[in-house]
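The values are calculated or read from the model by the stated rules, or taken from the named source; none is laboratory data. Predicted, not measured: the structure shown is a model, and the values here were computed from it. Note: ideal-geometry Cβ built from the backbone for every residue, glycine included; neighbour counts use all protein chains shown. Just the protein is used for accessible areas: all its heavy atoms, side chains included, with ligands, DNA and RNA removed. Shrake-Rupley method; radii C 1.70, N 1.55, O 1.52, S 1.80 Å.
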Amino acid sequence: MLPNQKAYHGVLEQIRIFIHENQLKPGDKLPSERELAESLGTGRSSVREALRALELLGIIETRHGEGTFLSSYRSFQTVKILASFILGNSSTKESIITTRKLIEKEASKLALQKVEDKDITQFKKIIQDLINNPKQMHIDFFTLILNKTENELLLIIWQLILEFSQIFDKGFYDSQFYQQLVDLYEKEDYSRIEDLFMKQFFS
């Protein structure tokens with residue numbers, strides 16, 4: 001790695017630490033380039049390049065006349081670009097779909113003990129409101145499940161894989177699946193979650 005590349009990657013790491021230590025959340029404003037350079041003890045050009053990279057990845061967003069803000073990690077453009085390179089054969093596609101389903105299955109198990117009555121109500125509302133939009137219903141339904149696991153890394157990985165898979169896969173399960181999973185949550189029936197998902201693995 002060249003010296004300027006080392007500096008650039010070092011600044012990326014410093015910004016990541018800055019975001020973590022200051023507990024910044026999506027929507028929070030980042031300091032200006034000058035303020036970051038002073039705070040991190042590095043040049044503004046290195047900060048500028050690091051911020052560009054983070055913006056391309058969808059981690060931050062620049063609003064004209066307002067500044068730079070932390071955004072939710074939804075790197076749609078990056079996903080589409082990478083997909084054109086890595087999704088050239090069916091085995092890769094099948095692996096991504098299987099991985100997505102495995103994450104959803106295990107997350108559903110992890111969430112079981114943390115699902116409350118208000119969550120059951122929210123699940124049912126999602127099904128009722130989005131029954132005619134199954135792809136969005138799947139996203140909202142499992143976003144709630146992944147949030148209940150309280151595992152942010154798992155949520156980010158799932159979001160990224162879901163975005164990949166939806167390029168070439170329908171991205172949702174049989175219509176009755178969602179209500180069946182809600183029924184199992186109401187009954188706190190952990191043992192049947194595995195069977196419910198396995199039917200979807202081969203559909």
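Quick notes on this structure:
- The distance separating the Cα centre of the stretch 157-188 from that of the stretch 108-128 comes to 13 Å.
- Cα-Cα over 21 Å, subset of Lys93/Lys148; Lys109/Lys148; Lys124/Lys148; Lys109/Lys199; Lys118/Lys170: Lys93/Lys148; Lys118/Lys170
- Rounded percent of accessible protein surface that carbon and sulfur make up, the stretch 155-203, 1.4 Å probe: 52
- Computed from label points 7 Å out along Cα-Cβ, the spacing between Lys29 and Thr143 is 2.6 nm.
- Within straight-line cross-link reach of Lys114, aspartates and glutamates at Cα separation under 16 Å, skipping those fewer than 8 residues along the same chain: Glu104, Glu106, Glu150, Glu152, Asp183, Glu186, Glu188, Asp189
- Take each peptide in 127-140, 95-108, count the other Cβ atoms within 10 Å of every residue, and average; sorted highest first, the result is 95-108, 127-140.
- Within the stretch 147-203, all pairs of alpha-carbon atoms sorted by distance into 10 Å bins from zero give the percentages 19, 40, 39, 2.
- Extension reserve of the Glu55-Glu13 stretch, reckoned as 0.36 nm per residue once the Cα distance is removed: 13.6 nm
- Among the chymotrypsin sites (Phe, Trp or Tyr not before Pro) in the stretch 108-203, those located in a DSSP loop and surrounded by at most 16 other Cβ atoms within 10 Å of their own Cβ are Phe168, Tyr190, Phe202.
- Charge context of Phe201, other residues only, Cβ under 9 angstrom, K/R +1, D/E -1: +3
- Gln180 versus Arg48: modelled label distance in nm, points set 7 Å from Cα along the beta carbon direction: 5.7
- Proximal charge balance of Gly67 [Cβ under 13 Å; K/R count +1, D/E count -1]: -3
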